[in-house]
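The values are calculated or read from the model by the stated rules, or taken from the named source; none is laboratory data. Nothing here was measured: the structure is a model prediction, and the numbers come from that model. Neighbour counts run over all protein chains shown; Cβ positions are idealised from the backbone, glycine included.
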Amino acid sequence: MNTNPLISVVIPAHNEEKYLAVCLESVKRAAAQTGDGQDSVEIVVALNRCTDGTKEIARRFGAVVVTNDDRSIARVRNAGVNASRGEIVVTIDADSVMSERALCEIVEMLESGRFIGGGTRVRFGRMSIGIFFSAMYVAWNLIPVMLRNRAALSGGMFWFRRRDFDRLGGFDETLVSLEDMDFAVRLNRLGVSRGLKYGTLKKSYIVTSSRKFDEFGDWYLIRNRKLTKRIFTGRDREAADRFYYDVR
């Protein structure tokens, strides 16, 4: 009999046959570390405009599969969460890998009664001077958001309770980019109203691919600062298509 809350790990996926299996293997390893093992973890893969073997890989790992073909990552994320059954929800991108104790740490932090949810630290699959300074540039652009909300808002892999996701109305589907940071801001505000903190996993982390840098170049975000700023508005369809939806 399970004693831990059911955890749903939701993974949006657009033509991810190159990365998805490794991501799912990491989820399985992390699930095995929880008190009830893999029986307490549900995996949901939200397919988006896939034309490769992503669906077959997801099914091979026993994932629940849902499809949303809108050119909106917010809608894809919401479709995945809405198809899930877990009391606790974790979202991770298909080209990322979670560390072995990540799910255990998430449960511990949520059940401590001190956190509304949160994010984690992110490491890149490869590092270079260009990637380092690009990451610093992105972080610099997020500082005003954090100052306004008086919180250090981490991302990468988000974790929260399903009831709070429903209370917030999920990810904002009017946004074509930065829907994850917008969700973090609203989750933090909900936490503040309840005397809870927005947390960052201290021991666990994710490793994410450097594919955007592989595709565009390690210095692309800095060399194209106008495009980067347009992406950071969250509402520029042409910029989002250029950097996200029309890639691959």
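Tabulated data for the structure shown
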| item | result |
| --- | --- |
| Residue satisfying all of: in the stretch 153-165; buried (at least 19 other Cβ atoms within 10 Å of the Cβ) and modelled with pLDDT of 95 or more; farthest from Val89 (Cα to Cα) among these | Met157 |
| Candidate set from the stretch 42-76 (those that are outside any strand (DSSP E or B) and hydroxyl-bearing (Ser, Thr, Tyr)); member that is farthest from the chain's Cα centre (by Cα) | Thr51 |
| Residue under evaluation Arg123, criteria (1) in a strand (DSSP E or B); (2) surrounded by 18 or more Cβ atoms within 10 Å (Cβ to Cβ), criterion not met | (2) |
| Boolean, Ser112 is modelled with pLDDT of 95 or more, of a type in the set (Ser, Thr, Tyr) and surrounded by fewer than 15 Cβ atoms within 10 Å (Cβ to Cβ) | yes |
| Val247 being touching a helix residue (DSSP H, G or I) at 6+ places or on another chain (Cβ under 6 Å) and under 24 Å from Gly80 (Cα atoms) | no |
| Close pairs from the stretch 127-141: first surrounded by 14 or more Cβ atoms within 10 Å (Cβ to Cβ), partner among the aromatic types (Phe, Trp, Tyr) and part of a helix (DSSP H, G or I), Cβ under 8 Å, at least 6 apart | Gly130/Phe213; Ile131/Phe213; Ser134/Phe213; Ser134/Tyr220 |
| Segments classed as helices (runs of 4 or more DSSP H), wholly inside the stretch 166-248, with at least 2 members that are over 17 Å from the mean Cα position of the chain (by Cα), among the acidic types (Asp, Glu) and surrounded by fewer than 16 Cβ atoms within 10 Å (Cβ to Cβ) | 211-216 |
| Residues satisfying the stated conditions in the stretch 52-109, i.e. under 16 Å from Glu173 (Cβ atoms), surrounded by 19 or more Cβ atoms within 10 Å (Cβ to Cβ) and not hydrophobic (A, V, I, L, M, F, W, C) | Asn68, Ser72, Arg75, Arg77, Asn78, Gly80, Thr91 |
| Residues of the stretch 10-67 satisfying the condition of being at pLDDT below 95 and of a type in the set (Asp, Glu) | Asp36, Asp39 |
| Hey, Ala21 over 18 Å from Glu179 (Cβ atoms), touching a residue at least 24 places away in the same chain (Cβ under 8 Å) and surrounded by 23 or more Cβ atoms within 10 Å (Cβ to Cβ) or not | no |
| Test set (1) in a helix (DSSP H, G or I); (2) in contact with a helix residue (DSSP H, G or I) (Cβ under 7 Å, 6 or more places away or on another chain) - Val89 fails condition number | (1) |
| Residue match in the stretch 148-163 (condition: assigned to a loop (DSSP other than H, G, I, E, B), touching a Gly at 6+ places or on another chain (Cβ under 8 Å) and of a type in the set (Gly, Ala, Ser)) | yes |
| Count of residues meeting criterion [in a loop (DSSP other than H, G, I, E, B) and at negative phi] in the stretch 14-41 | 9 |
| Conditions (1) closer than 25 Å to Lys212 by Cα; (2) in contact with a helix residue (DSSP H, G or I) (Cβ under 6 Å, 6 or more places away or on another chain); (3) of a type in the set (A, V, I, L, M, F, W, C); (4) assigned to a loop (DSSP other than H, G, I, E, B); number of the one not met by Val97 | (4) |
